Amino acid sequence: MSGRLPEQHCTLAIIGSGMAGMAAALFAGQRGIDTVQIGMTGELSFASGLLDFMGVHPIETGRVWTDPWAAIKALIKDCPRHPYASLHPRDMRAAWAALVGFFNAADLPYHLQSGRNLPVLTPAGTVKPSYAVPVSCLNGVSAFENKARCLLIDFEGLKGFSGRQIVETLKPQWPGLTTRRIALPDANGEVYTEPLAQHLELPEIRRRLADRIRPHLDGVEYVGLPAVLGLYQPFEVYRDLEALLGRPVFEIPTMPPAVTGLRMRHVFERHLPRLDVLRTHYQQQVLRAAYSAADGFRLQIGVQEPVALIRAQNVILASGRFFGQGLHADRNRIVETIFNLPVRQPPGRTAWHQKSFLAPQGHPVNQAGLEIDAHMRPVDPKGKPVYPKLFAAGSILAHQDWMRMKCGSGLALTTAYAAVKALEQ
Ligand SMILES: Cc1cc2nc3c(=O)[nH]c(=O)nc-3n(C[C@H](O)[C@H](O)[C@H](O)COP(=O)(O)OP(=O)(O)OC[C@H]3O[C@@H](n4cnc5c(N)ncnc54)[C@H](O)[C@@H]3O)c2cc1C
């Protein structure tokens, strides 16, 4: 490796800036660990902003659980190699408390009721079990549970949201749900969620929007809107609109990229670099990695060409799956992209997928990934850690299907917590 690159030395390098990488950076920062974080933050923009812990098990029957802890207990019994099986409930609770506390302190309030998944409305008109929910979505839970008289506002020209689709899907179980499409102040043609959310941060625009909604509120108990109520100051925007309308208001996350995911991304990007011990390289990647027992890890980082060398005693690998690019599938096999770690995977490409795309049990390829030991270290086929100080967290781990199990964020943040804790042991 070139010795001419500028160097940074650190105790811990975190590779990845998705939910797992961000959570690891937060937890490491809170423990005062001298850390460098590398990775693109784009993946977070695709998250819905709803933080799932454990909602569905077994996936083949699609059983939905109200109590995520009970679901985890059943999961571990049936799937003892799921990453949750190697975590302690006390650490999982601590991880949730730290993340939600961080969001709350950053004016992005989340509601978490220990022991209960909440039924949250999605833009498809389905209801999904989620654990930590933006406070701005919470009234939607009580409106749905009470089947209250609720008006769903839709906007002319808005992409990624259809009030009509939601109402059509939910009407059989929720007759009191109606929708109305209204014109936005100062908007013509196509409207996108992110600029609209920024537009609604102007008090004058909110006042004019409320004036257009108010005539339709006769007999309405709740008002639902697509999640566009502010990007940088969402809680202020939400509270103000609620006061202007004189009704409980709630947001429904839109299709990705959702403003609710962008808000999380902005909070991480703005507040994590303020941690004294954390240095971030958010628009760079690890291009090459090497390890020696004498020097520890050497990571060349950059976009196309290396621009710096990170020398780290420990690494947490939180580089995601295929979408995040932590895993790559060629014609024959699945590889881990940075360290070429052994990937647990079906024996051949023909075994990656079920015959039916919609097979209820999901596809074996979705549970491919890194196997870890009790200290969160990737292991070889004999169960031996590949590197003594390399840890892994998040969706890159094997034996889980976060999308079907509804455990995406919970898996990311609880394994990140365990990885940070493990490196101190
Ligand atoms: C469309 C969508 C909707 C979702 N909805 C929900 C939801 O409703 N509820 C929920 O709980 N979760 C949801 N999630 C999942 C959640 O947001 C996380 O994506 C998931 O938990 C995995 O997180 P991760 O950090 O492990 O991986 P990723 O989010 O994939 O992040 C991987 C990171 O690694 C980085 N990386 C990869 N290679 C390198 C390299 N060589 N060098 C440096 N960095 C690298 C990437 O740039 C990225 O920052 C959703 C995700 C998506 C994509």
Here the stretch 205-213 yields Karplus 3J(HN,Hα) values (6.51, -1.76, 1.60; θ = phi - 60°; whole Hz; Gly and Pro given as x) of 5, 4, 4, 5, 5, 4, 4, 7, 7
Computed on Cα atoms only, the convex hull of the chain has an orientation-averaged projected area in nm² of 21.7 nm²
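If you rank M264, M403, M255 by how much accessible surface each has, with a 1.4 Å probe, what is the order from largest down?
Values: M264 0, M403 120, M255 85 Å².
Listed by decreasing accessible area, they come as M403, M255, M264.
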Sparse-neighbourhood loop hits (trypsin sites (Lys or Arg not before Pro), the stretch 334-386; DSSP loop; Cβ within 10 Å at most 14 others) -> K355, K382
Per DSSP, the loop-located chymotrypsin sites (Phe, Trp or Tyr not before Pro) within the stretch 328-425 having at most 14 other beta carbons within 10 Å are F357
Quick shape summary for the stretch 123-252, equivalent ellipsoid via Cα gyration tensor, semi-axes whole Å in descending order, reads 21, 16, 15
If one builds a Gaussian network model of the chain from Cα atoms under 10 Å apart, the most fluctuating residue listed among R207, R298, R377 is R207
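For the chain, report the accessible area per residue in Å² (1.4 Å probe, heavy atoms, rounded to an integer).
Working: 18200 Å² over 425 residues.
Per residue, the chain has 43 Å² of solvent-accessible surface.
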If one builds a Gaussian network model of the chain from Cα atoms under 10 Å apart, the most fluctuating residue listed among A47, A312, A105 is A105
Expected field for R90, accessible surface area in Å² at 1.4 Å probe radius, rounded to 10, holds 140 Å²
With Rh as the Kirkwood radius over Cα pairs, the stretch 295-375 has Rg/Rh of 1.06
Counting only protein heavy atoms with a 1.4 Å probe and every protein chain in place, the carbon and sulfur fraction of the accessible surface of the chain in whole percent equals 52 percent
Taking a straight Cα-to-Cα line shorter than 26 Å from K128, and setting aside same-chain lysines fewer than 8 residues away, one finds K73, K77, K147, K159, K171, K406
Under a Gaussian network model of the chain whose springs join Cα atoms within less than 10 Å, the largest fluctuation of T61, T415, T41 belongs to T61
Summing -39500 (n - 2.57) over every DSSP H run of at least 4 in the chain, dividing by its residue total and rounding to the nearest 500, the 222 nm mean residue ellipticity is -9000 deg cm²/dmol
Under 5 Å from the placed amide H of I252, counting only residues 5+ away or on other chains, we find L225, A227
For the stretch 252-264, Karplus-derived ³J(HN,Hα) couplings (6.51, -1.76, 1.60; θ = phi - 60°; whole Hz; x for glycine and proline) come out as 10, x, 8, 4, x, x, 8, 4, 4, x, 4, 4, 4
Distribution output for the stretch 56-194: share of Cα-Cα pairs per 10 Å bin in percent, first bin at 0, values 10, 30, 31, 21, 7, 1
With every protein chain in place, the accessible area of D218 for a 1.4 Å probe, in Å² rounded to the nearest 10, comes to 150 Å²
For the stretch 1-73, the convex hull over Cα atoms projects on average to an area in nm² of 8.3 nm²
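The values are calculated or read from the model by the stated rules, or taken from the named source; none is laboratory data. Bear in mind the structure is a predicted one, so any value in this text is a computation, not a measurement. Every residue, glycine among them, receives a Cβ derived from its backbone with ideal geometry; neighbour counts consider all protein chains shown. Quick note on the areas: whole protein, heavy atoms, side chains included, nothing else; ligands and nucleic acids left out. Shrake-Rupley method; radii C 1.70, N 1.55, O 1.52, S 1.80 Å.
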